[in-house]
1. Which residues does a label at A:LYS381 reach in segment A:296-330, if reach means a backbone N under 12 Å from a point 7 Å past the Cα toward the Cβ?
2. Excluding ligands, DNA and RNA, what is the solvent-accessible area per residue of segment B:1-129 at a probe of 1.4 Å, expressed in Å²?
3. Could you give P(r) for segment B:344-398, binned at 10 Å from zero, as whole percent values over all Cα-Cα pairs?
4. Using helices alone, what [θ] at 222 nm do you get for the protein assembly as shown, with -39,500 (n - 2.57) per DSSP H run of 4 or more residues, divided over all residues and rounded to the nearest 500?
5. Residues of segment B:312-386: accessible area per residue at 1.4 Å, in Å²?
6. Just the Cα atoms of segment A:81-138, one point each, no solvent: what log10 I(q)/I(0) does Debye give at q = 0.12, 0.26 Å⁻¹?
7. Rounded to whole Å and sorted largest first, list the principal axis extents of the Cα atoms in chain A.
8. Dividing the Cα radius of gyration by the Kirkwood radius, what Rg/Rh value follows for segment B:250-289?
2 protein chains.
Amino acid sequence: MNRTEGGVTAAKGFLAASTAAGIKYEGRADMAMIYSGRPCAAAGTFTTNVVQAAPVKWDKRIVQESEAVHAVVVNAGIANACTGEEGLSYCKQTAQAAAGLLGISADAVCVASTGVIGQQLPIGRITDGVAAMVPKLHAGQKAGREAARAIMTTDTHEKEAAVSFEAGGVTVTVGGMCKGSGMIHPNMCTMLSFLTTDAAISKELLQEALRADVADTYNMVSVDGDTSTNDTVLLLANGAAGNPVITEKNADYEAFCRALNEVNTSLAKQIAGDGEGATALFEVRVVGAKSKEDARILSKAVITSNLTKAAIYGHDANWGRILCAMGYSGVQFDPERVDLFFESAAGKLQIIKNGVALDYSEETATKILSEKEVAAVADVKMGDCCATAWGCDLTYDYVKINADYRS
Amino acid sequence: MNRTEGGVTAAKGFLAASTAAGIKYEGRADMAMIYSGRPCAAAGTFTTNVVQAAPVKWDKRIVQESEAVHAVVVNAGIANACTGEEGLSYCKQTAQAAAGLLGISADAVCVASTGVIGQQLPIGRITDGVAAMVPKLHAGQKAGREAARAIMTTDTHEKEAAVSFEAGGVTVTVGGMCKGSGMIHPNMCTMLSFLTTDAAISKELLQEALRADVADTYNMVSVDGDTSTNDTVLLLANGAAGNPVITEKNADYEAFCRALNEVNTSLAKQIAGDGEGATALFEVRVVGAKSKEDARILSKAVITSNLTKAAIYGHDANWGRILCAMGYSGVQFDPERVDLFFESAAGKLQIIKNGVALDYSEETATKILSEKEVAAVADVKMGDCCATAWGCDLTYDYVKINADYRS
C-alpha cells in the first residue's frame, strides 16, 4: 500500500481536462471533465437531503442503470439545485454534448455541479465548455491537478490523493479529487468527490466498497452541519490495471478497500482542514464505545458543536463543552468513566480521568491546541468500538464568508 | 388574559431576594432566591443531556418526591456540573442552609446553578449568600427584577414576563424570569427559567401543563444547538389567588395553560433575541406540515443552520439555505410544493412559490431582513400542522465570546 502522486488521473487509462467556461467566475477554470476510453463500472453515494439537485438525480439513475460509464462533466459556480424540469433537462443536454463528441452514449456520462442554489445553468456556456475540453483530455498529473483546481469554489487549495497496491501480480491504483467546504458565493457548500481506479472489480463490489467506506470518511466530516443538496461521491473502475477481476471478498478486495479508505480519508481530512474560515483541522476520536454507531454519533456531536469549535479557535482546552456535546448526542454512556486527552504535534495531555478534571497545565494544553492539526480523544470505556470525525474551528472568517451578500 | 408588569414576584405570595456572593463576578449580584410562605406544588423539566449537573439531579428528586416546595436558590458563575459526589453534597448544604433560616425542610428547597463546568462551588460563599438573602426577601417588582438580574451570565438584559387571567371569579397570575444564551465565561450556556403562579392547581396538572408547554416554547429555541448540562424550568404554584383548585382539564385549566404559554413564549423569545452576539431575533414558522412533530423538526432545522444564521446576519434573502436545511431535517416533504415568505416590521415578501424562486426584489428582501426581529414562513402544503422556532443570527461576536479564554 503506497501513497503516490496525483489524483483523478493517477490510475491507468483516466484522462482529465478543464476549461474556463465563464459560468460564474472570471479568469479561472470552472469546468472539469474525467474520461476513460475503457468502459468503467461506476458506484456512487449521494446527498440524503430531501432537496436533491438535478445532477444528483441524473447520476443516481446512471449509476443504477448504466452498464458502463466513460465520463464525468463537472461545473463550479451554479449548483443546478431547485431548478425543476428545466434544470434536469440541462443535465441531459450536458451529457449529450459530451457523448456526441466522445462517440459514447449519453447514459455513459455523469454530471455534477456546485454553486448557487436556485439559478439555471447557462447551458450554452456549459456545452461550449464541453466542446473545449474534449480535445484537451490528457493523462498525467498536470491534467488531474488542473481538473482538481477547476472544481473549487472557495476551497483555498485543490484536493487530491492516490494510493497503489499489488493485486494478482499487478499494480492497482485508486486516486481521486474532491472539493468542499469553501464558498465564494453562499450556497456553495457542496462536497463533490471523484474517484478513479484501474482495478478490475465487479460493479456490485465496487458499490459495496464505496458505500461502506463513505460512512467512515466523508460522512465523518462536518464543517457546519449543513448537508448540501448536491453532495456526490463517484467512483469509476476501468480495469486497466489488468488484475484478476475482483468478484468476491478475497484478499484483493480487502487490499482495494484499504486503498480506497486511504484515499478517502486523505480527501476527507483535506476538506475538513480547508473548511470555511478554518485555521485548524480538528480531529475527534472516540474509543471504547459500545458500538461503531455510538462512536460515530459521539465523535460527530463534538465535531459539530459550535461551542467546541469556537474554543478550538481560541486554543482553549474547554473540555466541559466536549463532555456536554457527547452528553446531548443521544448516546448512553457514563460521564463519570470518561477519559479525555488532547493531542497534536506539540504533545499529548490527559485532561479528564473518570469524568473529573486532572490538575493539568493550561499552558501545555494551549500549546497543544495551537497547532494546525489538533485532536481530542475520548475513551468512554463502554466497549471496544471506535470512530474518528474531522472538522475545523469556528472563526470570524466563517461568519464573514457566509454573511456576505451573494452577488 | 392580560400581560402585566413584573416576573417571578408578580403572582401573589412570592418574594425574591438577591445578593453579591462573590462566586465569580466582581461588583454584581450573582445569587437569587425565590420564596413562598404558602407551600407550593412544584413542576419541573430538565436537560436531556446525559451529563447532568448536580442541581439538576437534586431538583428532579425534589420535584418528584416533595409534597411542598417553598424556595429556590440560584447562583451564577459556576454550573456545579461534572463535580461528582462533592458537587451533589453542595446542593444539599445549600438547601439545608436556606431551610434552617426559613424554618422549612431542606426537601422544600430547589437549587440551580449556571456557569463554568467542572469547578466546585465555594460552598462557604454560597451559604453566606443564602444567609444574606433570607432577611432581604421582598414582594414586588423591584425584588423580582433584581433577582432576574442576579442570575444573568452574559445575558445583556434581564428576562421577565407575567400574565393574569380570571378563574372562578378571582385573578390568577403566572409570572417568571429566565436567563440563557449569554456567556462571560464559556460553558455558561445554561437556560434557567423560574415560573411562579398563585393558581391553586394539582401537582399532576401543573406538571402536565408545564411539560406540554415546554415543547412549544423553550424547546423551540436554539442559539447554537448546544444543549446544556444544567437546563432547568421550575414552576411553583402556591394557590394564593384563591381560585377553586384546578384538578381537572376544565375552562380554568385551559386559561391557565394559555397564560403559561404566553409567559413561556415571551421568555423563550427573550432568550433567542439575546443569544450570544446576536443582532436579530430570527423566527421560523412552518405551516402546512403533516404533523406537529414534522413542523417542529423543520422549523428547528432552519433555526439551527449556521449557514442560514450567517445569512440573516448579512440581511441576505438566501432562501436556498432554508430549503436545504429543511431538506436535511429528516422530514419527508415535496420541495416542489414549498412556498416561502420573509416578514418583519418592514413588510412581508413571498420568495418561493412551489419550490421555485419568484422574481422578487432583493432590495425589498434585504430591507425586511434588516429589522431587529425577522421571520421566515414556510408552507410545505402536506397537512395542517404548524410550529414556530426562535433563534438568532450568527455573528463575529458569537465567535469572539466563545473563543475567548475561560479566565
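The values are calculated or read from the model by the stated rules, or taken from the named source; none is laboratory data. Note that the coordinates shown come from a computational prediction; the quantities given were computed from them, not determined experimentally. Positions of Cβ are generated from backbone atoms using ideal geometry, with glycine treated the same way; all protein chains shown enter the neighbour counts. Heads up: the accessible areas ignore ligands, DNA and RNA and are worked out on the full protein's heavy atoms, side chains in. Shrake-Rupley method; radii C 1.70, N 1.55, O 1.52, S 1.80 Å.
1. none
2. Normalised by residue count, the accessible surface of segment B:1-129 is 35 Å².
3. 19, 43, 33, 5
4. Roughly -10000 deg cm²/dmol at 222 nm, from the helical runs in the protein assembly as shown.
5. Ligands and nucleic acids excluded, the figure is 43 Å² per residue.
6. Scattering profile of segment A:81-138, log10 relative to I(0): -0.28, -1.12.
7. 69, 54, 35 Å, listed from the longest principal axis down.
8. A ratio of 1.15.
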